[in-house]
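The values are calculated or read from the model by the stated rules, or taken from the named source; none is laboratory data. Quick caveat: nothing in here was measured; it's all calculated off a predicted structure. Here the Cβ positions follow ideal geometry from the backbone for every residue, glycine too, while neighbour counts run over all protein chains shown. Ligands, DNA and RNA are excluded from the accessible area calculation, which covers all protein heavy atoms including side chains. Shrake-Rupley method; radii C 1.70, N 1.55, O 1.52, S 1.80 Å.
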Amino acid sequence: FLVGGTFAFSRYTGIDRNTKDLDLFVLPVDVEAALTVLRDAGYATSIPFPHWLGKVRSGAHVLDVVFSSGNGVARVDHGWFAHAIESDVLGRQLPICPAEELLWSKSFIQERERFDGADVLHIIRSVGRTLDWGRLLWRFGAEWPVLLAHLVLFRFVYPDRRNDVPARVMDELLGRAQEQAQEAATAAVLGAVL
């Protein structure tokens, strides 16, 4: 497992928050085994969202067993573990989610009741200079406009830190946006002619 959520966010940004739960990230194939171990230890377990989340409860305490994102885009895979780092979590050295995957998964939390955009920007501000931007672009894949949107916001929220995002990354994403706009304009013209 990897520790994520508030504990990983705090490790990368230095921003401490009170939390109502502990988020552990596991591979999708390991969810049942993890929940079985915890159930056998006497904890109440459930999988309220079979496409991304298991829950473990003990009184008021909650443990989230995360194996994807709510929209199914940011699935946990072996790359999360390959790039994990060790950090102190509640007095123990434990592996935490890599900054790139934490940023990637938080980028898609855009709902009416919750938007993690500020967290994304804080992560970029804190570790943008050391992020593996190539891996991050690969992670976003076809959903690259989501990353571009966060990076545009970053430039306004932290104008003095614009250089934390490599120019090549902005050039790449803005080039994709321009190409997409040109393709849409061409399609519109062709549609009007036909």
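Assorted remarks:
- Residues of the range 23-41 satisfying the condition of being small (Gly, Ala, Ser) and free of Cβ contacts under 8 Å to residues at least 12 places away in the same chain: 33, 41
- Test: residue in the range 32-39 that is under 14 Å from residue 102 (Cβ atoms), outside any loop (DSSP other than H, G, I, E, B) and open to solvent by less than 70 Å² (accessible area, probe 1.4 Å): no
- Taken over the range 40-53, the residue count meeting the criterion of being in a loop (DSSP other than H, G, I, E, B) and within 19 Å of residue 70 (Cβ to Cβ) is 3.
- Among residues of the range 90-107 that are at negative phi, those with a Cβ under 6 angstrom from a residue that is part of a helix (DSSP H, G or I) and of a type in the set (Gly, Ala, Ser), sequence gap 6+ or separate chain, pair up as 96/8; 97/8; 102/8.
One line per residue, one yes/no per condition, for (1) among the basic types (Lys, Arg); (2) under 12 Å from the mean Cα position of the chain (by Cα):
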{"position": "8", "(1), (2)": "no, yes"}
{"position": "26", "(1), (2)": "no, no"}
{"position": "56", "(1), (2)": "no, no"}
{"position": "75", "(1), (2)": "yes, yes"}
{"position": "80", "(1), (2)": "no, yes"}
{"position": "96", "(1), (2)": "no, no"}
{"position": "100", "(1), (2)": "no, yes"}
{"position": "104", "(1), (2)": "no, yes"}
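- The condition (being open to solvent by 60 Å² or more (accessible area, probe 1.4 Å), free of Cβ contacts under 8 Å to residues at least 60 places away in the same chain, closer than 30 Å to residue 125 by Cα and out of contact with any Ser or Thr (no Cβ under 9 Å at 6 or more places or on another chain)) is satisfied by just one residue among 61, 78: 78.
- Every residue from the range 40-54 that is over 27 Å from the mean Cα position of the chain (by Cα) and either within 23 Å of residue 106 (Cα to Cα) or surrounded by 13 or more Cβ atoms within 10 Å (Cβ to Cβ) (or both): 43
- At least 1 residues being more than 30 Å from residue 21 (Cβ to Cβ) and small (Gly, Ala, Ser) is the threshold, and among the helices (runs of 4 or more DSSP H) wholly inside the range 83-194 those reaching it are 133-140, 167-193.
- Verdict on residue 92 being loosely packed, with under 13 Cβ neighbours inside 10 Å and either more than 14 Å from the chain's Cα centre (by Cα) or over 22 Å from residue 118 (Cβ atoms) (or both): yes
- Residue within the range 62-78 that is out of contact with any Cys (no Cβ under 9 Å at 6 or more places or on another chain), assigned to a helix (DSSP H, G or I) and over 28 Å from residue 118 (Cβ atoms) present: yes
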